[in-house]
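The values are calculated or read from the model by the stated rules, or taken from the named source; none is laboratory data. Predicted model only: the values in this text are computed from it and were never measured. Note that each Cβ is placed from the backbone with ideal geometry, even for glycine, and that neighbours are counted across all protein chains shown. Keep in mind that these areas ignore ligands, DNA and RNA; they rest on the heavy atoms of the full protein, side chains included. Shrake-Rupley method; radii C 1.70, N 1.55, O 1.52, S 1.80 Å.
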Amino acid sequence: MRKPIVAANWKMNKLKEDVREFVQDFKRKLPHGVLGRVDVVICPSVAHLALFSHEGLLPVGVAAGAQDSHWEDKGAYTGCVSAAMLKDLKVRYAIIGHSERRQHFSESNAMLAGKLRASLRSGLAPIFCVGERLEARDGGQTMNVLGEQMAALSDTPAELLGDPTQLVLAYEPVWAIGTGKVATVEQAQEAHAFLRRQLSTLRGEAWAQDVRILYGGSVTPENFGALIKCPDVDGGLVGGASLEVDKFVKLIEIAAQGA
Ligand code: PGA
């Protein structure tokens, strides 16, 4: 049984006080016992990760995640943050290869392969994002695109991929991100099953069965219940709906019920 994950991707949102208020309210509203059944991750802006570690803001059992992490441990890379620095702040996860990074910062598969390696080497669990654009979906190219993006993972040395719970994938169709247009359960299940087959080719069936694959793209409390029931959907990577406490708590409850 894979334990579901609900991960909040706050992107470039919220100021310090908003973060503090969110977490206080979240602690009040999170039902008792739910964290035993769902892994919860919050990925705020890197500017706020230190609040989580220094102020001990997060409830026990809720992990901090970064939205990106560099391929080197240190060096002349202005503006970047390394996996080693994130580990030092007690960060547990890092989103790698989000489509907004691929699109606005031209992150290539080769760069992402480096980021995956560095993240795993430092003991930071990557949430590795893949997903096709609308043209690819319409042109019947979805699985080809996903296959190419998964190549970044094939470049990862086997010794870094020992523990399947240290790797998380997120299928995020680009056309569904922030658009209100969610994938159908059939589309999600087909893509997730394909990704699991790719994982199985990489490291064997038993290992692949233990890797969590999240769906992302316009997840809301209204559509999440059906998505999480898909056999290969193990949770959600959530942008917009994770910015509101009530919706985020609801998503966690839905994942707990589906588990
Ligand atoms: P969304 O974003 O939930 O706002 O569509 C998801 C994501 O970008 O990870």
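What to note about this one:
- The one condition in (1) surrounded by fewer than 22 Cβ atoms within 10 Å (Cβ to Cβ); (2) assigned to a loop (DSSP other than H, G, I, E, B); (3) in contact with a helix residue (DSSP H, G or I) (Cβ under 7 Å, 6 or more places away or on another chain) that Ser69 fails to fulfil: (1)
- Conditions (1) over 18 Å from Ala8 (Cβ atoms); (2) within 16 Å of the ligand (Cβ to nearest atom); (3) surrounded by 17 or more Cβ atoms within 10 Å (Cβ to Cβ): number failed by Glu172: (1)
- Pairing each residue of segment 144-160 that is open to solvent by less than 70 Å² (accessible area, probe 1.4 Å) with any residue that is of a type in the set (Asp, Glu), provided the two are 6+ apart or on different chains, yields C-beta distances under 7 Å for Val145/Glu132; Leu146/Glu132.
- Residues considered: Gln198, Gln209, Gln187, Gln166. Of these, the only one that is modelled with pLDDT of 95 or more and either farther than 22 Å from Tyr93 by Cβ or open to solvent by less than 10 Å² (accessible area, probe 1.4 Å) (or both) is Gln187.
- Where a residue in segment 203-226 is more than 24 Å from Thr179 (Cα to Cα) and its partner, wherever it lies, is in a loop (DSSP other than H, G, I, E, B), with Cβ under 7 Å and at least six apart: Asp210/Arg2; Val211/Leu167; Arg212/Arg2; Arg212/Asp234
- Any hit, segment 124-137, residues being farther than 30 Å from Gly33 by Cα, surrounded by fewer than 20 Cβ atoms within 10 Å (Cβ to Cβ) and aliphatic (A, V, I, L, M): yes
- Within segment 230-259, being in contact with a Gly (Cβ under 8 Å, 6 or more places away or on another chain), part of a helix (DSSP H, G or I) and among the small types (Gly, Ala, Ser) holds for Gly240, Ala255, Gly258.
- Listed by position, the helices (runs of 4 or more DSSP H) enclosed by segment 78-139 that each have at least 2 residues that are more than 25 Å from His48 (Cα to Cα) and within 16 Å of the ligand (Cβ to nearest atom) are 134-138.
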